[in-house]
């Protein structure tokens, strides 16, 4: 790697000028970005590092798609550990595997790319820029596997920078800044918000919405959860999403009388933070907030989709002609609106839904929502027939929805047996479905 002259390092403005007007020819935007990255890693003074980091981010914003991809390759393939230093540390550890030797080996094995990313983070809005960079990067991983090295470094750093200790839980209501409310509409990933009147209903007195925020991304929710305060377990989402022609006092009275909190939508907002877990902390903290505000609440449950069920079922039916014949009516348009046809489908679909949710594979249950909630300490309470008859609900899971129950006293025990023994804690209702013979 070519390093700039030491006289430039003390004066990043001079370095910038030398990049703009070199002795030979003016560098391309891509070359300029590469040289700024090298200069940033060479910087020792914090003040000058901030300036170079800012210039690097500004330079990256001028790159086209192909140039950005080339820059990502430059980061992924360069800035590796120093081979001699790493070899020496490895040999020292093998000779004497002490804690100090292990620490020195870990330090030697860290790619200098991570330090470069840390210095890029020093720029104003540097964290936001790096989150956006990773969002773009993720779109290239399938076709450019070498970029996984860069992605792993970013995810490793984000796990520290977005540690739970840095997150702030905020309630979001109708009085929250308009910019934040706008983002709820944009980021809602489970049940689309149909404009401002719909949003206002979801923030009514018998509802709650909480989000995690980070000081480096002001006004940007990282994740948010929507909660309905009701009596009894909700088995269908359409009533929760329906508009309510009532006064705020009536909604407030219903909230005060509620015995159940239904978590009906959880949305991650930042694609660039994929793989950094927030939801497990969010739900547990929101349960505590709700218990403190509404002492009458005795039950905390989700009303969740089964986003992978249809894909799983189609593969199963392709290998089982008898089941495929039994479920043939599902191919008819609007089958769920025909009472007789829907009734015939209920028993086999509910049984298969139970099998799908309780089959433990290499990564746990096949369904990502099930993995999240069961791994978070909830238990599988019940499967709901035609719980979501919107187009997306039918397309993903033939309308099935699930209640995962969070019982504060059993959360940790459930998590332990799920994580260590692959045991899915479930209710007798699920066992009944599993033992039901196909007709």
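Can you tell me how many residues within the stretch 330-354 are touching a helix residue (DSSP H, G or I) at 6+ places or on another chain (Cβ under 7 Å) and under 15 Å from residue 402 (Cα atoms)?
Number satisfying all stated conditions: 5.
Return yes or no: is residue 79 in contact (Cβ under 8 Å) with a residue 12 or more places away in the chain, within 25 Å of residue 159 (Cα to Cα) and either in a loop (DSSP other than H, G, I, E, B) or not assigned by TED's automatic domain parsing to the domain that holds residue 141 (or both)?
When the stated conditions are applied, residue 79 passes them.
For the stretch 360-381: of the residues being touching a residue at least 60 places away in the same chain (Cβ under 8 Å) and assigned to a strand (DSSP E or B), which is surrounded by the fewest Cβ atoms within 10 Å (Cβ to Cβ)?
The residue in question is 360.
Which residue out of 351, 310 is buried (at least 18 other Cβ atoms within 10 Å of the Cβ) and in contact (Cβ under 8 Å) with a residue 60 or more places away in the chain?
The unique qualifying residue is 351.
Okay, residues lined up against (1) at pLDDT 95 or above; (2) in contact with a helix residue (DSSP H, G or I) (Cβ under 6 Å, 6 or more places away or on another chain); (3) more than 23 Å from residue 107 (Cα to Cα):
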site: 10; (1), (2), (3): no, no, yes
site: 38; (1), (2), (3): no, no, no
site: 51; (1), (2), (3): no, yes, yes
site: 58; (1), (2), (3): yes, no, yes
site: 62; (1), (2), (3): yes, yes, yes
site: 71; (1), (2), (3): yes, yes, yes
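List pairs: first residue in the stretch 424-435 and closer than 19 Å to residue 414 by Cβ, second residue loosely packed, with under 13 Cβ neighbours inside 10 Å anywhere in the structure, Cβ distance under 6 angstrom, at least six positions apart or on different chains.
none
The values are calculated or read from the model by the stated rules, or taken from the named source; none is laboratory data. Since the structure is predicted, the reported quantities are computational estimates derived from the model, not experimental observations. Because the Cβ atoms are built from the backbone with ideal geometry, glycine has one as well, and the counts that use them run over all protein chains shown.
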